[in-house]
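The values are calculated or read from the model by the stated rules, or taken from the named source; none is laboratory data. All figures in this text were calculated on a predicted structure; none of them were measured in a lab. Glycine also receives a Cβ, built like all others from the backbone with ideal geometry; neighbour counts cover every protein chain displayed.
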Amino acid sequence: MPNLAGRRGCPVQRSEFDGAVAMVTGAGQGIGAAVARALAAEGAVVAAVDRNPGPLAALAADSPAVRPYALDVTDSQAVDETVDLIERQLGPLAVLVNVAGILRTAPVVELADEDWAETFAVNATGVFHASRAVGRRMAARGAGAMVTVGSNAAGVPRAGMAAYAASKAAATMFTRCLGLELARSGVRCNIVSPGSTDTEMQRALWGADPEAAERRVIDGDPGAWRVGIPLGRIAAPADIADAVLFLASDRARHITMHDLYVDGGATLRA
């Protein structure tokens, strides 16, 4: 339940995230930045993690509740050290949001070994590194919430996106298994699976005519065996952040191992 406090007898509703410490990976841009901002706006102290420190500085400049930490989630030792540093500097982590991800597109028969390996290193192994490091601490304390940002591509085949889809499927099942293992410790683990979202990653796929490309995404592409978006719009990063905050909150206290699709109906929840 939210706390009520006020000045001069006027009650003010306060967020359940007030004073909570949260770690968000991939916070430098897109969905990660939106999640970091949303948590900070709700009163959390946010450890914003990204391997590119430049955008983190800009994010932290906009909100004093955001603290930047440069980190490559593919480096297991660095993840452990950074999580330890965050807890020493900011306090016990109550929330972890795994957002860091990369996209390498190509038909499977043309996909380079390096692109496959790098995609899994960030999208799947990075989730493992961060979740393991934070999960150990949350389990010992008997409380916490983790949310992994996956993709609807984890549940529906996408032409040219085998590495991305497979890595997101791995991260999704990993998070569900982790949720099963940590349930008795009071730690909840869930997934938010976006569809097409207006981010830098999405726009990189659109080419020289983004308006036409956006329309194709909304309308669907029969040549790529891809249905459109029934709600008729591309998601904003804030749409995904809202879903993340719900699953991280006490309003979702009886939800764990759940995969919440936020894709405007694009997969018909296949």
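So here's what we get for this one:
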| quantity | calculated |
| --- | --- |
| Meets criteria (within 22 Å of the chain's Cα centre (by Cα), more than 29 Å from Phe17 (Cβ to Cβ) and among the small types (Gly, Ala, Ser)) for Ala270 | yes |
| Which listed residue is surrounded by fewer than 21 Cβ atoms within 10 Å (Cβ to Cβ), under 21 Å from the mean Cα position of the chain (by Cα), free of Cβ contacts under 8 Å to residues at least 12 places away in the same chain and farther than 21 Å from Ala121 by Cβ, from Glu181, Glu211 | Glu181 |
| Given (1) closer than 22 Å to Gly30 by Cα; (2) modelled with pLDDT of 95 or more, index of the condition Val187 fails | (1) |
| Failed criterion for Ala153 (all others in (1) in the same structural domain as Leu39 (by TED's automatic domain parsing); (2) touching a residue at least 40 places away in the same chain (Cβ under 8 Å); (3) under 22 Å from Gly265 (Cα atoms) hold) | (2) |
| Unmet criterion (only one of (1) touching a Phe, Trp or Tyr at 6+ places or on another chain (Cβ under 9 Å); (2) at pLDDT 95 or above; (3) not β-branched (Val, Ile, Thr)) for Arg251 | (1) |
| Test: Val149 is of a type in the set (Val, Ile, Thr) and more than 13 Å from the chain's Cα centre (by Cα) | no |
| Selection status of Arg137, assigned to a helix (DSSP H, G or I) and under 28 Å from Ala243 (Cβ atoms) | yes |
| Lone qualifier among Ala130, Ala166, Ala159, Ala140 - being in the same structural domain as Thr74 (by TED's automatic domain parsing) and crowded, with 22+ Cβ neighbours inside 10 Å | Ala130 |
| Region 37-78, subset of a type in the set (Val, Ile, Thr) and touching a Ser or Thr at 6+ places or on another chain (Cβ under 9 Å), residue farthest from Phe120 (Cα to Cα) | Val46 |
| Enumerated helices (runs of 4 or more DSSP H) restricted to region 182-270, each holding at least 2 residues that are assigned by TED's automatic domain parsing to the domain that holds Asn98 and among the aliphatic types (A, V, I, L, M) | 237-248 |
| Filtered residues of region 94-119 (kept if farther than 27 Å from Met146 by Cβ and part of a loop (DSSP other than H, G, I, E, B)) | Thr105, Ala106, Pro107, Leu111, Ala112 |
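Matching residues to (1) out of contact with any helix residue (DSSP H, G or I) (no Cβ under 6 Å at 6 or more places or on another chain); (2) modelled with pLDDT of 95 or more:
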site	(1), (2)
Pro2	yes, no
Arg14	yes, no
Gly19	yes, yes
Thr25	no, yes
Ala34	no, yes
Gly43	yes, yes
